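Below is one structure, written out as structure tokens, with a few remarks after it.
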């Protein structure tokens, strides 16, 4: 019997709508698979450097491909940490197009999850993250990694204004320097 899982998404929100989103994706069991944080000077966190390993470079490349493959996607700041990934991703508004020819007035009858109109499945934040995680996992298997790379699901926050966007970008940029205080540090 499968456990009764609750969605962590905002009920009724259209995750294909234009806007900016902050996502965090963790490694399965928070294993350190992607990078090492090296502090050149123990006193000054500014001397902190992030050293990506081969799988970490794949994570970085696949994330950047997200925007190359989808003209409606724009990437903001991101960082590949030892056991998680943070990124800002924007949808430009073309992603919320219905994939049906049924007129808008009839779409309430064919509403999808959370009573939102049916969307092109490849143009939602969830689909983009799913594709990203899948591409990384496929290449990890080619490197010989047999365990799961990612934990189930991901965390997301809708960025609602410029101040929030600026604070999140600063958090991402400073994440390596603040690694030992990070909630994902193990």
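Computed from the coordinates by the stated procedures, all read-outs in this text should not be read as laboratory data. The shown structure was predicted, so the numbers you read here are calculated from the model rather than taken from an experiment. Methodologically, a virtual Cβ is constructed for each residue, glycine included, from the backbone with ideal geometry; neighbour enumeration extends over all protein chains shown.
Here are a few things to note about the model shown:
- Inter-label distance for residue 137 and residue 155, nm, one decimal - labels placed 7 Å from Cα along Cα-to-Cβ: 2.1 nm
- Residues 146, 124, sorted so that the one with the fewest Cβ neighbours within 10 Å comes first: 146, 124
- With the simple spin-label model, which puts each label point 7 Å out from Cα in the Cβ direction, the residue 74 to residue 38 separation comes to 3.5 nm.
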